1. For the stretch 58-87, which positions are surrounded by 11 or more Cβ atoms within 10 Å (Cβ to Cβ) and touching a helix residue (DSSP H, G or I) at 6+ places or on another chain (Cβ under 9 Å)?
2. Looking at Ala50, is it surrounded by 10 or more Cβ atoms within 10 Å (Cβ to Cβ), at pLDDT 90 or above and closer than 18 Å to Asp82 by Cβ?
Amino acid sequence: MKTKLGTLLLALLFSIPVFAADNQPQQGTPGQNFEKHKSDIIARIDKRIARNQEEKSCVQAAKNHDDIKACRDKLKEEQNADRPKKP
């Protein structure tokens, strides 16, 4: 009785990692995932750099505080437009 119970417990113990491993999604090769992730990050950085350059140009062209405020408001609108809408 104890032997059967022990065998059953060992079988269950070793089968749990097998089921857990099967539930992990397969996503291409690790190199492909890394390259895609890397390119996504670079694209976001490039977008931020472009926005910062636009904001800098706008502020440099400003003649008064209202112009600077308009630059800031424009930047905020663009940032909010790019954010995903919450459901």
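The values are calculated or read from the model by the stated rules, or taken from the named source; none is laboratory data. Since the structure is predicted, the reported quantities are computational estimates derived from the model, not experimental observations. Cβ: placed from backbone, ideal geometry, glycine included. Neighbour counts: every protein chain shown.
1. Cys58, Val59, Ala62, Asp67, Ile68, Ala70, Cys71, Arg72, Lys74, Leu75, Glu78, Gln79
2. When the stated conditions are applied, Ala50 passes them.
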